[in-house]
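What follows is a set of notes on a single structure, which appears directly below.
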Amino acid sequence: MAKIYLDLNDGPKDDPDFYLAAHVDKDDRMRDGYIACIRICPMWSQLYNAAEGKKGVSKDNGFLYKKNEKGEWRLVLPRTFNMNGKNYLEDAIKEAHDAMAHGGVEKTLKWLTDKYTCQPFSRLVKEYVASCDTCQRTKYSNKPPLGQVTMLHVTARA
């Protein structure tokens with residue numbers, strides 16, 4: 001898979017922050033799969049179809065980009081985008097979590113939101129981190145230890 005980096009000249013001329021990375025393979029199967037998926041995605045299809053001329057939204061080579069709250073361009077990842085039988089969003093979450101050395105929800109979310117836009121990111125990342133086998137086996141609890149159990153004295157009724 002080749003990475004294509006778009007420089008500042010590739011984005012909207014009025015926005016100097018436009019910087020994107022789109023992953024496409026040589027025969028454009030990923031791009032075609034992305035387009036087919038986003039066109040039927042209930043969350044993003046309407047925005048994708050109306051992206052031309054809409055402020056804060058751009059289509060480039062079939063990929064949809066949206067500005068985040070800081071005004072930076074991010075690739076929109078539909079939740080149902082599948083490639084080669086794998087969900088691309090789940091792969092992105094796994095890649096981010098591994099890249100952050102199993103650093104938890106906040107670091108994984110930061111890595112993802114620096115590159116992508118997706119509505120259910122936080123819930124999906126929380127679910128993934130909670131189910132990560134490595135994290136469950138190696139991370140220590142940040143809660144204080146439980147106290148000792150003490151017997152309660154119960155008076156007899158007369």
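The values are calculated or read from the model by the stated rules, or taken from the named source; none is laboratory data. Only a predicted model underlies this, so the values are computations on that prediction, with no experimental measurement involved. Cβ coordinates were reconstructed from backbone atoms using ideal geometry, including for glycine residues, and neighbour counts include every protein chain displayed.
Summary of computed values
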read-out	value
Which listed residue, of LYS107, LYS70, is surrounded by 14 or more Cβ atoms within 10 Å (Cβ to Cβ) and under 18 Å from the mean Cα position of the chain (by Cα)	LYS107
Test result for TYR34, closer than 17 Å to LYS115 by Cβ and modelled with pLDDT of 85 or more	yes
Every residue from the stretch 128-149 that is part of a loop (DSSP other than H, G, I, E, B), of a type outside the set (A, V, I, L, M, F, W, C) and exposed (fewer than 11 other Cβ atoms within 10 Å of the Cβ)	TYR140, SER141, ASN142, LYS143, PRO144, PRO145, GLY147, GLN148
Neighbours by Cβ (under 7 Å, 6+ apart or cross-chain): first from the stretch 109-131, without any contact (Cβ under 8 Å) to a residue 24 or more places away in the chain and over 20 Å from SER45 (Cα atoms); second of a type in the set (Phe, Trp, Tyr) and surrounded by 19 or more Cβ atoms within 10 Å (Cβ to Cβ)	LEU109/PHE121; LEU112/PHE121
Output for the stretch 82-98, where each listed residue is at pLDDT 90 or above and over 13 Å from the mean Cα position of the chain (by Cα)	ASP98
Residues being surrounded by fewer than 17 Cβ atoms within 10 Å (Cβ to Cβ), among the charged types (D, E, K, R) and either in contact (Cβ under 8 Å) with a residue 60 or more places away in the chain or touching a Phe, Trp or Tyr at 6+ places or on another chain (Cβ under 8 Å) (or both) - total across the stretch 73-104	2
All positions within the stretch 132-150 that are of a type in the set (Ser, Thr, Tyr) and without any contact (Cβ under 8 Å) to a residue 12 or more places away in the chain	TYR140, SER141, THR150
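A quick yes/no check of all residues on (1) at pLDDT below 85; (2) within 18 Å of the chain's Cα centre (by Cα); (3) not basic (Lys, Arg):
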{"residue": "LYS26", "(1), (2), (3)": "yes, no, no"}
{"residue": "MET43", "(1), (2), (3)": "no, yes, yes"}
{"residue": "GLN46", "(1), (2), (3)": "no, no, yes"}
{"residue": "GLY56", "(1), (2), (3)": "no, no, yes"}
{"residue": "PHE63", "(1), (2), (3)": "no, yes, yes"}
